[in-house]
Amino acid sequence: MKRGNGILMHISSLSNDQGIGTLGKCAYEFADFLHAAKQSYWQLLPICPTGYSDSPYSSFSTYAGNPYFIDLDILNDQGLLKDEDYKNIIWSNDIDKVDYGLMYQYRFHVLKKAVNTFHNNTPDDYYQFINDNKWVNDYALFMAIKDDNNGKCWLEWPQALKNREKEAIEAIKIKLKEEIKFYITIQ
């Protein structure tokens, strides 16, 4: 490894108008800044979905990406969102802090609009992604069941789901089909 210098800064710390740093324009601009400053490395904290306390070290998955880091402007450029879907949302009451309560309240609502538009013309690479990433099915199922149980810890779910009883899992997959598809798509 070549010796170099760099910076440790999480994606969430990037400044933009979406309430949290994203993997969009602000990330590219920061990478360009690091290059111009002759920095060799940009070290990130984990970018997985956060769990209780919104810590990047408390996640529901080691493979999944944090949906808060999806850049809404890019989804707009791709025709999956319109300006009115997200531009007027107040993402934070303090520009210097991420308001995870507001992020949780609004972000998934906006992403569901993009997912619905996406699935009106699902590209083949969606199915290829599922095929190449076997983990995503279990992750999406887990998150959909968690939502269906009002965010409760899996230890508080019905016994049949906790034990992954085949009939219970098959029934919940049918019941939560759209929610499962949502969690797969945002990955």
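The listed residues are I169, I145, I130, I90, and the only one of them that is open to solvent by 40 Å² or more (accessible area, probe 1.4 Å) and among the β-branched types (V, I, T) turns out to be I90.
When the range 49-68 is filtered for residues that are assigned to a helix (DSSP H, G or I), at pLDDT 95 or above and small (G, A, S), nothing remains.
The C-beta contact set for the range 148-174 (first residue within 19 Å of N137 (Cβ to Cβ), second residue surrounded by fewer than 11 Cβ atoms within 10 Å (Cβ to Cβ) and among the hydrophobic types (A, V, I, L, M, F, W, C), distance under 8 angstrom, 6+ apart or interchain) comprises K162/L155.
Residue by residue, here is whether (1) within 19 Å of C48 (Cα to Cα); (2) open to solvent by less than 50 Å² (accessible area, probe 1.4 Å); (3) of a type in the set (S, T, N, Q) holds:
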position: R107; (1), (2), (3): yes, yes, no
position: V110; (1), (2), (3): no, yes, no
position: T122; (1), (2), (3): no, yes, yes
position: W135; (1), (2), (3): yes, no, no
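Flag set for L23, criterion: open to solvent by 50 Å² or more (accessible area, probe 1.4 Å), touching a Phe, Trp or Tyr at 6+ places or on another chain (Cβ under 6 Å) and either of a type outside the set (S, T, Y) or on the phi < 0 side of the Ramachandran plot (or both). Looking across the range 172-187, just one residue is in a loop (DSSP other than H, G, I, E, B) and either farther than 17 Å from R107 by Cα or open to solvent by 100 Å² or more (accessible area, probe 1.4 Å) (or both), and that is L176.
Residues that are assigned to a loop (DSSP other than H, G, I, E, B) and surrounded by 17 or more Cβ atoms within 10 Å (Cβ to Cβ): does the range 35-48 have at least one? The answer is yes, given that some residue of the range 35-48 is assigned to a loop (DSSP other than H, G, I, E, B) and surrounded by 17 or more Cβ atoms within 10 Å (Cβ to Cβ).
One residue stands out among those in the range 7-34 that are small (G, A, S) and assigned to a loop (DSSP other than H, G, I, E, B): the one that is farthest from K146 (Cα to Cα), which is S15. When the range 1-41 is filtered for residues that are in contact with a strand residue (DSSP E or B) (Cβ under 8 Å, 6 or more places away or on another chain), touching a residue at least 12 places away in the same chain (Cβ under 8 Å) and under 30 Å from Q105 (Cα atoms), the ones remaining, listed by number, are L8, M9, F30. Being under 23 Å from P49 (Cα atoms), at pLDDT 95 or above and touching a Pro at 6+ places or on another chain (Cβ under 9 Å) is true for just one of N149, N131. Which residue is that? Only one candidate qualifies: N149.
The values are calculated or read from the model by the stated rules, or taken from the named source; none is laboratory data. No experiment lies behind these values; they were computed from the predicted model shown. Heads up, the Cβs are rebuilt from the backbone with ideal geometry, glycines too, and the neighbour counts pull from every protein chain shown. Surface accessibility is based on the protein's heavy atoms, side chains included, excluding ligands, DNA and RNA. Shrake-Rupley method; radii C 1.70, N 1.55, O 1.52, S 1.80 Å.
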